[in-house]
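Working notes for the structure below.
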Amino acid sequence: MSEELVPIKRELPVLSELYDVSNVDVLFKKDQFNLLMNQQPEQKWILTNTYAGNSKYIPIGIKETLLQRIFKEFRIEILREGTMFNAVYVTIRLHYLHPVTGEWSYHDGTGADQVQTKSGASAADLSSISNNAVAMSLPKAVSFAISDATDHLGKLFGRDLNRKETMNFGVDKNLDPDAKYSELLELFELLKDIIPANEFDNVRNVVEGKIKTSYDKIIKYLKTL
């Protein structure tokens, strides 16, 4: 007689189990940085492209200025370029110095621009390509590729301008030192009625003096009362 297999219930880990608690301060700063990257862009930055279905976009000049102001150091690496049908394309890698970690990171982007042909000629007629057509289209393709790479940084760079389904970004309160401080103060208020009077001042001093740097120790201490 075969034994009946009992399915094993697996629960997803909580965020706190995935993070290194010793780096909570860095994680919180990253969260704050991501919150900045997901702010809505200034309305005056946004233009409409009437040649592309009235899609909205942020000009490359504004995006590059934002890169300079936020990251201080960034560089563009051209990974490859080529032709596709009647257009030239470019793939770039946007390297940027993360202001929180101090480490270099990157996003890739791709852009293309149609090569101009002589007036009245078919766009597929490569023999009718205008003089300097590639010289004019290639820089545009590079700009489009840079713009595409910056979209990965967040809403501030125009990522969601033409999307209908989006989600607001919020910081993880579990990483917020001030939120932790408030939560433990609330816990302290709940416990004060059962804490012996001669221990009350001692517990208050622990909570107010060490709470922001020793969360786990304080929680363990309160649980022993």
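The numbers here are math on the coordinates, done by the rules we state, and not lab data. Bear in mind the structure is a predicted one, so any value in this text is a computation, not a measurement. Positions of Cβ are backbone-derived with ideal geometry, glycine not excepted, and every protein chain shown enters the neighbour counts.
The table for this structure:
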| read-out | value |
| --- | --- |
| Alpha carbon Rg of the stretch 29-82, scaled by the compact-globule rule 2.2 N^0.38 Å | 1.44 |
| Cα-based Kirkwood hydrodynamic radius, the stretch 63-149, one decimal, Å | 14.2 |
| Computed lengthening from TYR51 to ASN132, 0.36 nm per intervening residue step minus Cα-Cα distance | 26.9 nm |
| Of LYS44/LYS72; LYS63/LYS155; LYS44/LYS140; LYS44/LYS155; LYS63/LYS164, those spanning more than 20 Å from alpha-carbon to alpha-carbon | LYS44/LYS72; LYS44/LYS140; LYS63/LYS164 |
| HIS95 versus LYS72: modelled label distance in nm, points set 7 Å from Cα along the beta carbon direction | 1.8 |
